[in-house]
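Worksheet for the structure shown next.
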Amino acid sequence: MSFYSDSNVGTMYIDPKSFIAGTHLNGSGRVNFELDGTAMAYLPNMRLLNVGVSSNGAHLYNRLVGAYAIIRNIRLLDGKTELSACNEMQMIQGFKNVNRANSHSEVVDSKLSQNSLGWEVQGDVRKTGRVEKVNGATNLEATSFTGWLDLRDVFPMLNSVSHLPTAVFKNLNIQIEYASLLDRQILADVTAHINTIRPLLAVDVMQNPKIVAKLNGQLKSARWLELEHDQFNIPQSVNNGGANDQLLLQSVNPKINGFNNKHIERILISKEYQNPLKPLNGNNQIGFGRYASPTCFRQVVNFRVNGRNIFPRNGITGNNERLAYLIDAWGDCLAYPSSNEFGINGIADVLIDGNDYAGQLDYIGGYIGEYVNDLVINYQRTGLQAGGGANDERPATDALIAHVYAECAKQLIVNPDLSYTIEYAQN
């Protein structure tokens, strides 16, 4: 846009109006930014800076989510009116970090979020391996590496409007909830102390009244897809991996009410161990830790919408079929050998730390594209007998939380008097 080059746009750096640091002791924290309305309009390319923590030593961030793992919920509001939000952000952000081309993750995204994604063949050992981060949190804020978050990635409304005029949105503010208990696995070493760093908000503003008035005249309505969250439980198998669980079929058919009476586009499931100790080896995360989505054995999945199955025949039944549906709906996803497969023998021969990373990126996705009155998820897995200790990972029989995210159509309607309404769109 031309006003970027002729001094009509400036950048404001905004300190939090209130900041309660999250630590490993209090387990949570809060940040509130207020856009004070001194500008005539704010541009939607808002950036959150200094996302991360300091610690009691040098520690890597969670390898999948990076520094973003500190954020649990984040909301964009106008006064008390919610404009856009992202709840249970850690799980969906793990998928977003995967929902990239491998080259982008390696050279761009890993630098912005401080994750350890991006895979290449290591010439010395002729195996596929991660481009491991070497920088993370330290014992000083000044030397701790932090994340840079484009808020358009978490507030989809910002992608649908040209600007946010203060004549319409008079009390813009951003609220962030931190989750910083040690079991949240913000850092790869789960015993490392945590102190959240005070973040900063960067916002571009416009003060030229002619340009703002012209843009205001064009701001009649906007439509976007809000990514909303619900969840269901996959209970522990009856024998907890005992001999009688071998090849025992387990089925759950939860009714998901969080998306009723909404037009849904894409849908995604990310699984998580109910017991956060499972993805640990001593004090260290196994692979991507609790934010990985573990692969179960012989999964069968279907979405039943308004009494009709979305997927044909028995639903999704194979690993490659599941990955194909995911990519068809959501686009490129980085992958490595065994990323969504269960129990691959000899994977350590082709993948560095293969036993830790096998079956850690098993996302289930698809496209619905209709108004939902009733949504049932049919999910099956097959049990396997498992040995080991009580805290060993047993994805075929362990209790899991299935996080369900769906794109819900919403719209903004601006009235001639510059009042507005936000509502769910019917199509």
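The values are calculated or read from the model by the stated rules, or taken from the named source; none is laboratory data. Just so we're clear, the structure is a prediction, and the values are computed from it rather than from any experiment. Reconstructed Cβ throughout: ideal geometry from the backbone, glycine too, with neighbour counts over all protein chains shown. Surface areas here come from the heavy atoms of the whole protein model, side chains and all, with no ligands, DNA or RNA. Shrake-Rupley method; radii C 1.70, N 1.55, O 1.52, S 1.80 Å.
Remarks
- The residue of segment 91-127 that is surrounded by the fewest Cβ atoms within 10 Å (Cβ to Cβ), among those that are among the polar types (S, T, N, Q) and in contact with an Asp or Glu (Cβ under 9 Å, 6 or more places away or on another chain), is Asn102.
- Index of the failed condition, Ser28 passing every other in (1) open to solvent by less than 10 Å² (accessible area, probe 1.4 Å); (2) in contact with a strand residue (DSSP E or B) (Cβ under 7 Å, 6 or more places away or on another chain): (1)
- Test: residue in segment 328-344 that is in a loop (DSSP other than H, G, I, E, B), in contact with a Pro (Cβ under 7 Å, 6 or more places away or on another chain) and crowded, with 22+ Cβ neighbours inside 10 Å: no
- Residue identified as aliphatic (A, V, I, L, M), over 23 Å from the mean Cα position of the chain (by Cα) and farther than 19 Å from Ala292 by Cβ among Val350, Val376: Val350
- Taken together, Ser103, Ser116, Ser110 contain a single residue that is among the hydroxyl-bearing types (Ser, Thr, Tyr), free of Cβ contacts under 8 Å to residues at least 40 places away in the same chain and not in a strand (DSSP E or B), which is Ser103.
- Scan segment 44-58 for residues that are surrounded by 21 or more Cβ atoms within 10 Å (Cβ to Cβ), of a type in the set (A, V, I, L, M) and under 18 Å from Tyr178 (Cβ atoms) and the total you get is 3.
- Sole residue being in contact (Cβ under 8 Å) with a residue 12 or more places away in the chain, open to solvent by 30 Å² or more (accessible area, probe 1.4 Å), in a loop (DSSP other than H, G, I, E, B) and within 30 Å of Gly366 (Cβ to Cβ), chosen from Arg63, Arg75: Arg63
- Residues that are out of contact with any Lys or Arg (no Cβ under 7 Å at 6 or more places or on another chain) and either closer than 30 Å to Asn244 by Cα or aliphatic (A, V, I, L, M) (or both) were ranked within segment 407-427; the one that is modelled with the lowest pLDDT is Leu418.
- Candidates Met1, Met40: the one that is closer than 30 Å to Ser419 by Cβ, surrounded by fewer than 18 Cβ atoms within 10 Å (Cβ to Cβ) and at pLDDT below 95 is Met1.
- Qualifying positions in segment 128-143 - touching a residue at least 40 places away in the same chain (Cβ under 8 Å), open to solvent by 60 Å² or more (accessible area, probe 1.4 Å) and not in a loop (DSSP other than H, G, I, E, B): Glu141
- Among the strands (runs of 3 or more DSSP E) confined to segment 11-51, the ones with at least 1 residues that are under 21 Å from Gly79 (Cα atoms) and charged (D, E, K, R) are located at 28-34, 47-51.
- Per-region count, segment 387-407, residues hydrophobic (A, V, I, L, M, F, W, C) and surrounded by fewer than 19 Cβ atoms within 10 Å (Cβ to Cβ): 3
- Listed by position, the strands (runs of 3 or more DSSP E) inside segment 210-297 whose residues that are of a type in the set (D, E, K, R) and surrounded by 14 or more Cβ atoms within 10 Å (Cβ to Cβ) number at least 2 are 221-234, 262-273.
- Test: residue in segment 78-85 that is more than 19 Å from the chain's Cα centre (by Cα) and open to solvent by less than 40 Å² (accessible area, probe 1.4 Å): yes
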